[in-house]
Amino acid sequence: MPKKIRVGIAGAGFIGAVHARAYLLVPDVELVGIADPIAEKAEPLARETGSRAFRDYEELLKAGVDVLNVCLPPQLHLPAAEAAAQAGVHVLMEKPITRTLAEADQMIAACRRAGVNLMTGFTHHFYPEMVEARRMVAEGLIGRPLIVNDAMSITYGFVLPWYRDREIAGGGVFMCNAVHGLDRAGWAVGQKVTAVAAMVEPTTGRRAEDYGAAIARFDGGAQGNFFQHWGPYRTLSCELRIFGENGMIHVRSWDSVELMIGETRTVKHFYKPDSGLPERTMVGMIAELTEMVNSVREGRPPSVTGEAGRAGLAAVQAIYRSAETGKWVEVN
């Protein structure tokens with residue numbers, strides 16, 4: 001019988017609840033508890049998932065877990081990861097990995113010293129439409145990738161107040177969403193972003209941006225452009241297009257992937273037509289969490305590491321510097 005992995009969730013907000021409910025569908029996992037200082041959030045979620053409510057992640061770590069899922073605002077990511085590492089507990093860190101590269105380096109080093117896994121929550125690696133798009137590129141169906149276009153537009157209804165607080169989140173829509181887009185585009189074409197040029201909404205004080213656009217260079221010769229937007233009207237668009245020498249791949253997140261070669265167009269759907277967004281997004285989340293617990297059970301690194309989280313963060317930070325200086329910025 002496979003070893004049962006004991007898991008705890010730090011944070012009972014929106015994404016913490018998604019993680020907790022997804023774990024109920026992952027085999028051979030025991031959800032030990034939900035840690036949040038706001039009991040009105042932690043206790044109902046703990047009851048729903050058959051686990052316990054804890055005041056904070058330190059208390060949860062003392063209860064004994066193998067994995068800590070950190071679903072807290074980015075300001076709290078580093079101390080939570082360091083506490084877990086010190087306790088010998090593996091870490092699944094929601095994106096962005098941290099607010100700054102210095103924090104990311106400190107987190108990666110702490111987990112490395114402790115010999116625990118650090119996985120970044122880049123869920124798009126696990127959606128079937130993205131897995132299929134990556135396979136198509138790798139098998140050469142569209143030839144050499146020339147340019148990628150990644151675009152996300154999401155209603156304010158999904159934007160929590162702290163998402164646009166620069167002190168808490170480290171940035172706005174680029175830190176929250178473009179970190180996904182930059183990562184998944186590079187992952188799909190098998191190339192890394194090396195430099196960016198960008199325009200981002202100007203803001204003052206702690207308020208971070210709602211919109212912006214960037215262009216990018218990849219180390220394999222591809223070009224990229226990235227569009228990000230939060231708005232007061234009901235939009236939910238998340239699409240990736242990869243244009244190659246011989247064809248084009250169009251990913252419609254949580255829906256389908258389309259392949260165009262010459263006059264031939266093929267569309268593959270992956271979800272039940274009557275399923276809603278919560279059901280569809282849960283598919284990738286369950287697969288992501290399964291990868292995390294399997295990496296622990298099998299004693300190997302996860303497929304999406306802390307270094308991957310750092311790379312996405314580095315690209316976002318370069319975008320912010322480019323917007324401030326009006327110049328191309330190398331991604332380091």
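None of the figures in this text is laboratory data; all of them are computed from the coordinates on show. Remember, it's a predicted structure, so these values are computed and weren't measured experimentally. Note that each Cβ is placed from the backbone with ideal geometry, even for glycine, and that neighbours are counted across all protein chains shown.
Considering only ASP274, ASP219, ASP56, the mean-square fluctuation computed in a Gaussian network model of the chain, springs between alpha carbons under 10 angstrom, is largest for ASP274. Along the positive direction of the dipole of the stretch 108-244 (beta-carbon charges: Lys, Arg +1; Asp, Glu -1; about the Cα centre), which of THR155, TYR211, THR235 reaches farthest? Sorting the options by dipole projection puts first TYR211. Residues of the stretch 203-221 with an amide N closer than 20 Å to a point placed 7 Å from the Cα of ALA151 along the Cα-to-Cβ direction: 210-217. Residues in the stretch 42-48 carry Karplus couplings, in order, of 5, 5, x, 5, 5, 4, 4 Hz; the curve used is 6.51 cos²θ - 1.76 cosθ + 1.60 with θ = phi - 60°, and Gly or Pro positions show x. Highest mobility in the GNM of the chain, judged by mean-square fluctuation with C-alpha springs under 10 Å and restricted to ILE38, ILE215, ILE154, is found for ILE38. Using the Cβ of HIS124 as centre and a radius below 14 Å, the other residues enclosed give a net charge of -4, where K and R count +1 and D and E count -1.
When the P(r) is computed for the stretch 227-292, the part past 16 Å accounts for 62% of the Cα-Cα pairs. Coordinate range of the alpha-carbon atoms in the chain per principal axis, descending: 57, 48, 41 Å. For the chain, the longest principal axis of the C-alpha atoms and the axis of helix 306-325 are separated by about 60°. For the stretch 62-149, pairs of C-alpha atoms spaced more than 17 angstrom apart make up 56 percent of the total. DSSP assigns beta bridges within the chain; of those with both partners inside it, close to 60 percent run antiparallel. Working note: Cα atoms of the stretch 193-329, range along each principal axis, descending, whole Å: 47, 45, 38. When the chain is treated as a GNM with alpha-carbon contacts under 10 Å, the residue of VAL179, VAL89, VAL283 showing the greatest mean-square fluctuation is VAL283.
Computed from the C-alpha gyration tensor, the three semi-axes of the ellipsoid equivalent to the stretch 101-235 are 26, 22, 15 Å, from longest to shortest.
Below 15 angstrom from the Cβ of HIS229, what's the summed charge of the other residues (Lys, Arg +1; Asp, Glu -1)? Taking every Cβ under 15 Å from that of HIS229, the sum is -3. With an a/c value of 1.5 or above and a/b larger than b/c for the gyration tensor axes a ≥ b ≥ c computed over the alpha-carbon atoms, the stretch 130-171 is described as prolate.
Which of rounded, prolate or oblate describes the stretch 1-128 when judged by the alpha-carbon gyration tensor and an a/c cut-off of 1.5? Rounded.
The charge dipole of the stretch 282-332, taken about the Cα centre with unit charges on the Cβ atoms of Lys, Arg (+1) and Asp, Glu (-1), comes to about 80 debye, rounded to the nearest 20.
The helix-based estimate of mean residue ellipticity at 222 nm for the chain, built from -39,500 (n - 2.57) per DSSP H run of four or more residues and divided by its residue count, is -11000 deg cm²/dmol to the nearest 500. Between the helical axis of 101-114 and the dominant principal axis of the chain, each derived from Cα atoms, what acute angle in degrees is found, rounded to the nearest 10? The answer is roughly 50 degrees.
Less than 11 Å Cβ to Cβ from PRO74, Lys/Arg counted +1 and Asp/Glu -1: what total charge do the surrounding residues give? List each step's numbers first, then the result.
Numbers: positive: LYS95, ARG99, ARG166; negative: GLU94, GLU103, ASP165, GLU167.
The answer is -1.
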